[in-house]
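What follows is a set of notes on a single structure, which appears directly below.
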Amino acid sequence: MSSPDSLDSPDSPDSPQPLGSARALGAVRRFSSGGAYEDVIGYSRAVRLPGGLVLVSGCTSPDGGGPYDQAVAAFGVAFKALAQAGLGPEHVVRTRMYITHAGDVDDVGRAHKELFDEIRPAASMIIVSGFVDPGMVVEVEVEAFDPAEGASA
């Protein structure tokens with residue numbers, strides 16, 4: 001069992017990590033984007049699992065805008081997280097889109113189609129009552145798979 005002092009050690013897996021860092025606990029790697037809520041809530045922007053699966057936490061637009069713009073920007077945040085894990089949009093196998101208004105389905109769907117039409121991941125679009133910031137109308141999650149790592153697992 002580690003002492004409380006070990007949590008402040010830069011070598012401790014539980015110590016805070018610099019912006020854009022990855023930390024490994026066993027074969028699981030966690031990535032941070034430096035987002036404000038990561039430290040407040042205690043989560044990682046992305047987690048890479050043994051076998052090549054990468055899970056990206058909910059992403060939103062940092063700049064607001066309408067549903068289409070928010071969807072494109074949120075997927076951009078997710079793509080940056082994937083890049084930290086060594087993957088790109090072509091590795092995405094599943095998306096989840098959370099929206100606050102049924103009337104936004106077409107705009108958010110159009111953004112998804114433009115980004116993923118050739119990739120065709122499994123996808124869900126779910127209507128929710130709201131987000132932490134009331135200006136947010138879209139949040140997305142992505143899951144990606146690294147076939148090179150998966151083939152060797």
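The values are calculated or read from the model by the stated rules, or taken from the named source; none is laboratory data. Note that the structure is a prediction, hence the values are computed from the model and not measured. Reconstructed Cβ throughout: ideal geometry from the backbone, glycine too, with neighbour counts over all protein chains shown. Please note that ligands, DNA and RNA were not included when accessible areas were found on the heavy atoms of the full protein model with its side chains. Shrake-Rupley method; radii C 1.70, N 1.55, O 1.52, S 1.80 Å.
Worth pointing out:
- Single condition Val140 does not satisfy, out of (1) within 23 Å of Leu49 (Cα to Cα); (2) out of contact with any strand residue (DSSP E or B) (no Cβ under 8 Å at 6 or more places or on another chain); (3) modelled with pLDDT of 95 or more: (2)
- Matching residues, segment 116-137, being touching a helix residue (DSSP H, G or I) at 6+ places or on another chain (Cβ under 9 Å), open to solvent by 60 Å² or more (accessible area, probe 1.4 Å) and at pLDDT 95 or above: Glu118, Met125, Ile127
- Conditions (1) in a helix (DSSP H, G or I); (2) over 18 Å from Gly35 (Cβ atoms); (3) touching a residue at least 40 places away in the same chain (Cβ under 8 Å): number failed by Glu90: (3)
- The number of residues in segment 93-102 being crowded, with 17+ Cβ neighbours inside 10 Å and either in contact (Cβ under 8 Å) with a residue 60 or more places away in the chain or β-branched (Val, Ile, Thr) (or both) comes to 3.
- Checking segment 144-152 against the condition returns a match, with at least one residue being surrounded by 15 or more Cβ atoms within 10 Å (Cβ to Cβ) and under 15 Å from the mean Cα position of the chain (by Cα).
- Residue ID - farthest from Ala122 (Cα to Cα), chosen from residues in segment 61-76 that are assigned to a helix (DSSP H, G or I) and free of Cβ contacts under 8 Å to residues at least 60 places away in the same chain: Asp69
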